[in-house]
Amino acid sequence: MAAGHPDIERVLVTQEQLAERITAMGAAISADYRGRDLLIIGVLKGAAWFVADLTRALDIDFTVDFMAVSSYGNAHKSSGVVRILKDLDTPIEGRHVLIAEDILDTGLTLKYLARNFRTRGAASVEIAACVVKEDAQEEPMSIPYVGFVIPNEFVVGYGLDYSEHYRGLPYIGLLKPAIYEGN
Ligand code: PRP
């Protein structure tokens, strides 16, 4: 659904800001990975929208794979538990892995995945996160490609959900508290 969704309190990152920033991220990643065997790993489901746009902003050769993990359940708090729901389709040994995530909240998911991919023998493992919540990481890590740093509030849109809804909003916004209060 387009702008003006009745459940959205405020837009934090507009569609135009996303497009501009992701184009710039794509240029930076293209420059850094040119000539290397790049595998972009999207973390389902939320990162699907980001991966689709980020990969179209690349002008180098690459392949894509997806993993599905769960750390949230249906609540709006991270559980800290990472479960693999769908594993990679191909081996990653010797390849340069770039994990593409829609959001970094506590960082537990990415920390787990980065360690997991290094154990599998990836030549390198780096992270591209569309949004990072400020002051939310349990153990801050360095992330070379960050789209936006946003306040530590509950956000939806551009792949981010509340109980599986709102992923298709073309912007990132704050949900009206009335929508999730009482749950
Ligand atoms: C979200 C997001 C990250 C994770 C970030 O996924 O896509 O994978 O939470 O949280 P963390 O930094 O606290 O670990 P979610 O489990 O909601 O699944 P989804 O992508 O299917 O919505």
Would a scan of region 75-83 turn up a residue that is over 20 Å from VAL131 (Cα atoms), modelled with pLDDT under 95 and either among the charged types (D, E, K, R) or within 16 Å of the ligand (Cβ to nearest atom) (or both)? yes
Got a number for residues in region 117-167 being out of contact with any strand residue (DSSP E or B) (no Cβ under 7 Å at 6 or more places or on another chain) and either of a type in the set (A, V, I, L, M) or open to solvent by 50 Å² or more (accessible area, probe 1.4 Å) (or both)? 11
Using beta carbons and a limit of 8 Å, which pairs, at least six apart or on different chains, have the first residue in region 136-149 and more than 20 Å from ASP32 (Cβ to Cβ) and the second one assigned to a strand (DSSP E or B) and open to solvent by less than 30 Å² (accessible area, probe 1.4 Å)? ALA136/LEU104; GLN137/LEU104; VAL149/VAL131; VAL149/VAL132; VAL149/LYS133
Could you tell me how many of the residues in region 88-111 are surrounded by fewer than 17 Cβ atoms within 10 Å (Cβ to Cβ) and within 22 Å of TRP49 (Cβ to Cβ)? 2
Any idea how many residues of region 33-54 are over 26 Å from ARG83 (Cα atoms) and in contact (Cβ under 8 Å) with a residue 60 or more places away in the chain? 3
Keeping to region 1-55, report how many residues are under 16 Å from HIS96 (Cα atoms) and basic (Lys, Arg). 2
If the Cβ limit is 9 Å and pairs must be 6+ apart or interchain, which residue in region 1-26 that is in a helix (DSSP H, G or I) pairs with which residue that is open to solvent by 70 Å² or more (accessible area, probe 1.4 Å) and at pLDDT below 95? GLN15/ALA3
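The values are calculated or read from the model by the stated rules, or taken from the named source; none is laboratory data. In this text, all values refer to a predicted model and were calculated from it rather than measured experimentally. Backbone-built Cβ (ideal geometry, glycine too); neighbour counts: all protein chains shown. With ligands, DNA and RNA removed, areas are computed over all heavy atoms of the protein, side chains included. Shrake-Rupley method; radii C 1.70, N 1.55, O 1.52, S 1.80 Å.
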